[in-house]
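One structure below.
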Amino acid sequence: MSFTLIGKHEKDSRNNRDGFVTAMLDLMEKDSKVMHVDCDLENCINTGKLAKAFPEQTVNAGIAEANAMGVAAGLAATGRTVFMHSFGCFASRRAFDQAFMSAAYAKLPVHVIGSDPGVCAAYNGGTHMPFEDCALYMSVPEAVVIDPVDYAQINCLTKKLAASGKFSYMRMIRKGFTTVYGDGSDFEIGKGVTLKEGKDVAIIASGIMVDEALKAQEQLAAEGISAKVIDMFTWKPLDEQLILDSAAECGAIVTAENHQVKVGLGSAVANVVIKNNPVPMEMVGVEDRFGQVGAESFLREEYGLTAAHIVEAAKKAIDRKNG
């Protein structure tokens, strides 16, 4: 694993979805058994490029997510490596039974892509705002669950998933995103990435919250507080050793996620810490709420998904550590 940290808090001029599409074009060109199944959202995710370049390796299953999952599983059963996409709310809630039984239970390499996770759904509204998508897939035995942050990471991980032979779920921001990593960065599924070293508190984040964690680290440093920052992009299998090492080094942990904290990254990290090395821990994320309509900037404030909320949580965890 090797990476270049950009970390300038700047928006990328590209669309994040094209990190996925570019990877898929490369995979399809090299292997005719790599296929993509979409749910009439090719224009939303730019997978129309796949259909144009490789028409025999793409399927538009229409607005029928459960059926699309069945199609994906059927293709995988014939020896194909299959990616299936829909909006995160539909890729999880609507097609979950088929994903569980037809794909995962049968140990087939279907890779489910759920776009617009959490507050990234923005104006699509509360019904399209999945705060529980990863929780559903984390409950699937032996599944891989990933929450990537930017173009470089999703480009790399798409290829890693194709080679894994595992059933998986990966969230994906479609459009505007903040660049964290340089192109060509390489990641290992199941291994977290330490972006900043620190000794007072460890901030474990993923997805859109990684850049917020980096901002929080800078704000804390200005106050003389040393914060370790970890990008825990793989929620399952979780990098338990990195969590335990961080707990031992820092004595306090904060998690940050664009997801329900009680059934997401925070709860997964807490399970590791509680069993092995209990330390003060705070969770930043969605607290048992439904989604709503609004600009992403408004929603981040509304649901407490900002650097300021991470800073507050970090100070609270440190105060608890110090008694």
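Worth pointing out:
- Any hit, segment 257-266, residues being among the small types (G, A, S) and either without any contact (Cβ under 8 Å) to a residue 12 or more places away in the chain or closer than 29 Å to K11 by Cβ (or both): yes
- Residues of segment 1-25 satisfying the condition of being free of Cβ contacts under 8 Å to residues at least 60 places away in the same chain, open to solvent by 20 Å² or more (accessible area, probe 1.4 Å) and either among the β-branched types (V, I, T) or in a helix (DSSP H, G or I) (or both): L25
- Of all residues in segment 217-231, none are under 25 Å from V119 (Cβ atoms), touching a residue at least 24 places away in the same chain (Cβ under 8 Å) and among the hydroxyl-bearing types (S, T, Y).
- Qualifying residue in segment 32-40 (condition: open to solvent by 20 Å² or more (accessible area, probe 1.4 Å), modelled with pLDDT of 95 or more, more than 30 Å from Q217 (Cβ to Cβ) and of a type outside the set (A, V, I, L, M)): yes
- Those residues of segment 124-135 which are in contact with a strand residue (DSSP E or B) (Cβ under 8 Å, 6 or more places away or on another chain) and open to solvent by 10 Å² or more (accessible area, probe 1.4 Å), in sequence order: N124, H128, E132, A135
- Here segment 305-323 is the region considered, the condition is being more than 10 Å from Q219 (Cβ to Cβ) and among the small types (G, A, S), and the residue that is surrounded by the fewest Cβ atoms within 10 Å (Cβ to Cβ) is G323.
- A Cβ distance below 7 Å, combined with a sequence gap of six or more or placement on separate chains, defines the contacts here; from segment 27-40, residues that are under 16 Å from R94 (Cα atoms) reach residues that are open to solvent by 10 Å² or more (accessible area, probe 1.4 Å) and in a strand (DSSP E or B) in the pairs V37/V59; D38/N60; D40/N60.
- Residue that is surrounded by the most Cβ atoms within 10 Å (Cβ to Cβ), among those in segment 55-77 that are part of a helix (DSSP H, G or I) and among the polar types (S, T, N, Q): Q57
- A Cβ distance below 9 Å, combined with a sequence gap of six or more or placement on separate chains, defines the contacts here; from segment 175-194, residues that are farther than 15 Å from V210 by Cβ and among the aliphatic types (A, V, I, L, M) reach residues that are open to solvent by 50 Å² or more (accessible area, probe 1.4 Å) and not in a loop (DSSP other than H, G, I, E, B) in the pairs I189/K160.
- Those strands (runs of 3 or more DSSP E) lying entirely in segment 218-264 with at least 1 residues closer than 17 Å to E312 by Cα, small (G, A, S) and open to solvent by less than 30 Å² (accessible area, probe 1.4 Å): 227-231, 253-260
- Pairing residues of segment 289-300 that are over 17 Å from G176 (Cα atoms) and at pLDDT 95 or above with residues that are open to solvent by 90 Å² or more (accessible area, probe 1.4 Å) and not basic (K, R), at Cβ distances under 7 Å and at least 6 apart in sequence or on separate chains, gives V293/Y123.
- Taken over segment 178-217, the criterion of being farther than 21 Å from A247 by Cβ and open to solvent by less than 50 Å² (accessible area, probe 1.4 Å) is satisfied by T178, T179, V180, Y181, G182, S185, F187, I189, G207, I208, D211, E212.
- A single member of V145, V119 is touching a Leu at 6+ places or on another chain (Cβ under 7 Å) and under 18 Å from H259 (Cα atoms), and it is V119.
- Residue count, segment 232-290 (criterion: over 21 Å from S168 (Cβ atoms), touching a helix residue (DSSP H, G or I) at 6+ places or on another chain (Cβ under 7 Å) and polar (S, T, N, Q)): 3
- Sub-7 Å Cβ pairs linking a first residue in segment 275-288 that is of a type in the set (D, E) to a second residue that is surrounded by 20 or more Cβ atoms within 10 Å (Cβ to Cβ) and assigned to a strand (DSSP E or B), at least 6 apart or interchain, are E282/V254; D288/Q260, ordered by first then second residue.
The values are calculated or read from the model by the stated rules, or taken from the named source; none is laboratory data. Here the structure is a predicted model, which means the values were calculated and not measured. Glycine also receives a Cβ, built like all others from the backbone with ideal geometry; neighbour counts cover every protein chain displayed. For accessibility, only protein heavy atoms count, side chains too; no ligands or nucleic acids. Shrake-Rupley method; radii C 1.70, N 1.55, O 1.52, S 1.80 Å.
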